[in-house]
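Here the structure is laid out as structure tokens; the discussion comes afterwards.
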Amino acid sequence: MKKLISLLVAAAMLTAVLAACGDTAVKPSDSPPADSGGGGIVYEGNFWEDMEFPEEVRLTFASTGTEGSGSGIATARATELLKERSGGKIIIESVYNGALGNEQSTFAQCMEGSIDITGCGSGTVSMYTPCIDVFILPFLIGTYEQEAAVMVSEEWMALRERANRDLESVTIISMTEFGMRQFATINKPIETIDDIKGLKIRSIGSPVIDEALQLVGANPVNITYSDLYSALQNKVIDGEEVNATSVSMQKHYEVINYISEIGLYPFLSMAVMSNTTIERLPEGYFELIRATFAETDRWYMEEGIYEWDGRCRQDCMDHGVEFNTISDKDAWLELLTPLYDKKAAEDPMYAAFIEKALSLQ
């Protein structure tokens, strides 16, 4: 195990040196966007200015979140850009707060073609493809700056393209970030790894995260999101791994007292589009939709997430939540690096992604 991790770190250092010598960048051109070798989009000029939009298309975007959430802000920006660039011919109507069903329901409806686009978390997508779970390996990606760089890497684009093949009936058109995961607790802050031992911590239910919590001595508890507030209120659990954005939006600051920051893993927010909808769109429409959402993703990861995360953190503090930084991250990392070996051994593409992410730390 130690040998593999050493090799990964050494390779990561080499990759970092090479990246510093020649990083990729967006190159302007007059051509429409095309798939890159890894399945991502290469942006080449304002290609939509030469497009014709023969008919109006109205699409429904189903979300279980709120209009003011980070993903809602990103979606609204993409929607306005699409309307502007198409001369009002591409109109996306967002339906928030789970009005069309919970996340699993709207995802299924999107797969069936009865909903055009839906927002979802990485956990829902992981039910249909294993490619996403490698993104949430604990401590592999710990900052928004690193995450933004990882998201446009060839290694991640290749996994994203594979995920689209696995999904078959929907296509991922957007990936943003809901907020870096930390620990929120009721009775005491987590200052060191010893403080988490024996605590009952609510987990998102991912096998990777459950195993990570067990390795550091916690007891992972899988509780549905709808039951989470009452579980905290009644002290059925001691805390949760969560982001400050959720604590703010769901008013968990009423039932937790501490947020201990360590940058456990990022929590992807995605949008998927029904392939049935894509197939019936006029020529060029999907390319513009895909390019516009991807452009908005870049803006969000470079600017939007910082503003939203900061606003939610301040909201938590205004409601009495105390923030602290966990001091002994190396002790956690030592226990959790075996997960990197395990995941890397599953697939060469996972190993390549882990190596790339390490090089961007």
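Taking first residues from region 158-175 that are free of Cβ contacts under 8 Å to residues at least 60 places away in the same chain and partners that are hydrophobic (A, V, I, L, M, F, W, C), the Cβ contacts under 8 Å between residues at least 6 apart in sequence or on separate chains come to A163/V125; A163/C131; A163/I132; A163/I172; D166/C131. Here's a check for you: in region 99-122, which residue that is small (G, A, S) and surrounded by 19 or more Cβ atoms within 10 Å (Cβ to Cβ) is farthest from the chain's Cα centre (by Cα)? Ranking the qualifying residues of region 99-122, first place goes to G119. Among the residues of region 68-102, those that are within 18 Å of T245 (Cα to Cα) and either touching a helix residue (DSSP H, G or I) at 6+ places or on another chain (Cβ under 7 Å) or of a type in the set (S, T, Y) (or both) comprise S69, G70, S71, I73, A74, T75, Y96.
Just one of S248, S230, S226, S203 is closer than 22 Å to E303 by Cα and out of contact with any Ser or Thr (no Cβ under 7 Å at 6 or more places or on another chain); which is it? Lay out the reasoning, then the answer.
Details: S230 fails: closer than 22 Å to E303 by Cα; S226 fails: closer than 22 Å to E303 by Cα; S203 fails: closer than 22 Å to E303 by Cα.
Testing whether each residue is closer than 22 Å to E303 by Cα and out of contact with any Ser or Thr (no Cβ under 7 Å at 6 or more places or on another chain) leaves just S248.
Would you please name the residue that is farthest from G284 (Cα to Cα), looking only at residues in region 30-66 that are modelled with pLDDT of 90 or more and among the charged types (D, E, K, R)? Restricting to residues being modelled with pLDDT of 90 or more and among the charged types (D, E, K, R), the top hit is R58. If you go through region 292-333, how many residues are more than 30 Å from I196 (Cβ to Cβ) and either assigned to a loop (DSSP other than H, G, I, E, B) or small (G, A, S) (or both)? Residues meeting the conditions: 2.
Screening M317 against (1) among the hydrophobic types (A, V, I, L, M, F, W, C); (2) touching a residue at least 60 places away in the same chain (Cβ under 8 Å); (3) farther than 23 Å from T75 by Cβ leaves a single unmet condition, (2). Evaluate region 273-288: report whether one residue or more is under 16 Å from G121 (Cα atoms) and in a helix (DSSP H, G or I). Within region 273-288, none of the residues are under 16 Å from G121 (Cα atoms) and in a helix (DSSP H, G or I).
For A25, the conditions (1) modelled with pLDDT of 90 or more; (2) assigned to a loop (DSSP other than H, G, I, E, B); (3) within 26 Å of M180 (Cα to Cα); (4) among the hydrophobic types (A, V, I, L, M, F, W, C) are fulfilled apart from (1).
Listed here are the residues, each with its yes/no results for (1) among the charged types (D, E, K, R); (2) over 30 Å from E84 (Cα atoms); (3) out of contact with any Cys (no Cβ under 9 Å at 6 or more places or on another chain).
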{"position": "F293", "(1), (2), (3)": "no, no, yes"}
{"position": "D297", "(1), (2), (3)": "yes, no, yes"}
{"position": "G304", "(1), (2), (3)": "no, no, yes"}
{"position": "W308", "(1), (2), (3)": "no, no, yes"}
{"position": "M317", "(1), (2), (3)": "no, yes, yes"}
{"position": "K329", "(1), (2), (3)": "yes, yes, yes"}
{"position": "W332", "(1), (2), (3)": "no, yes, yes"}
{"position": "L336", "(1), (2), (3)": "no, yes, yes"}
{"position": "L339", "(1), (2), (3)": "no, yes, yes"}
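The values are calculated or read from the model by the stated rules, or taken from the named source; none is laboratory data. What you see is a predicted model, and the numbers here were worked out from it, not measured in a lab. Counting neighbours? That spans all protein chains shown, and the Cβs are built from the backbone with ideal geometry, glycine included.
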